[in-house]
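S.K.: Here it is, the structure in full.
Rule-based calculations on the coordinates, nothing more; no lab input. Fair warning: this is a prediction, and the values are worked out from it, not measured in the lab. As a convention, Cβ positions derive from the backbone with ideal geometry for all residues, glycine included, and neighbour counts pool all protein chains shown.
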Amino acid sequence: MRDWWRDLTDLVLPAECGGCGRPRTVLCARCRTALGGAVPCRVRPVPEPAGLPSVHAAARYADEVRATLLAHKERGALTLSGPLGEALAGAVRAGLGAVRAPGAGGSVLLVPVPSARRAVRARGHDPVRRIAYAAAGELRRAGVPAHVLPALRQRRGVADQSGLDARQRLANLAGALTVAPGCGRLLSAGRVVLVDDLMTTGASLAEAARAVRARSWVGSPGRGAGSNFSGPASVYWGETRERRGEQRNGPVQQRAGRRSGRPSATAGADSADGVIGGMCAAVVAASPDVFETNRN
């Protein structure tokens, strides 16, 4: 009852600004500007995990933005999902604008990166999913046919990511996510945007992309010997030009892909910036260093 009453009073009488603590406001004008006032841009961690799709972020994870995300995630300030969703919607629009995909006029599927069950139980809510629903509503009001598809599940436990470096996070998350039964075909019905509240090393988004690619390949029509494979518009089939140059076995893998009927790593590349069509990712915030190393 105490938790229920706290949520109700937060909705009716917000105690303080989630970013700076100013009383009697959900998020003051200055903190709203810090969260969603800038043009979302593409961000790339260094080192960039293999398979990481194009990621756009609305803001830097610092100061008021950091305080706002923590207030929503850890302190249950649920009314902040509105402005956080608006910021995420801006990043989604930026990501969709940068990716060329077949059937670009179809629906947009926001696929949240799932939180560990123990974290959801401890917090009393799933912050990423809540923000995703708010973002989908904002996109629909702007005329974008967006829906939330919570297709990803954790299939094994993972360690707490705090304190782990980039390599350790990749190892911790490798193979940890899977697509829920029945969602494989749904993923092929629109343009997939992986969404999260925060990106630091990119390990979570890279693992989410791997799970979606794997399930979309297995569940796609036309798979099998002698078939003319046509992958779904939601699949991010390759890497950027820069990343292909960094992979030692890239040409061998591409030749093997052509023999097996899978799309090659160069299929669908955008000649302008190397973005390969279909799936992208969007986050509310990213660590400041990934903005500084943005190579666009």
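S.K.: Would you please give the FRET efficiency between residue 167 and residue 15, computed as 1/(1 + (r/R0)^6) with r the Cβ-Cβ distance and R0 = 35 Å, to the nearest 0.05? All intermediate terms of the calculation are to be shown ahead of the outcome.
M.R.: Details: r = 41 Å, r/R0 = 1.17.
The formula returns an efficiency of 0.30 here.
S.K.: Taking the radius of gyration and the Kirkwood hydrodynamic radius from Cα positions alone, what is the Rg/Rh ratio for the range 14-150, to two decimal places?
M.R.: Numbers: Rg = 15.4 Å, Rh = 15.8 Å.
Rg divided by Rh gives 0.97.
S.K.: Let me ask something else. Expressed as a fraction of 2.2 N^0.38 Å, the rule-of-thumb size for a compact globular protein of N residues, what is the C-alpha radius of gyration of the range 46-115?
M.R.: Working: Rg = 14.5 Å, N = 70, 2.2 N^0.38 = 11.1 Å.
Its radius of gyration relative to the 2.2 N^0.38 Å reference: 1.31.
S.K.: Please state the Cα pair-distance histogram of the range 85-150 with 5 angstrom bins from zero: what percent is in each bin?
M.R.: 4, 17, 26, 22, 15, 9, 6, 2, 0
S.K.: Per residue of the range 72-88, what does 6.51 cos²θ - 1.76 cosθ + 1.60 with θ = phi - 60° give for ³J(HN,Hα)? Whole Hz please, x for Gly and Pro, Karplus curve as stated.
M.R.: Karplus-based 3J(HN,Hα) across the range 72-88 equals 6, 6, 9, 9, x, 7, 5, 5, 6, 4, x, x, 5, x, 4, 5, 5 Hz.
S.K.: Pop the C-beta distance of residue 189 and residue 62 into the FRET formula with R0 = 51 Å and round what comes out to the nearest 0.05. Display every interim value, and only then the final one.
M.R.: Numbers: r = 37 Å, r/R0 = 0.73.
Computed FRET efficiency for residue 189 and residue 62: 0.85.
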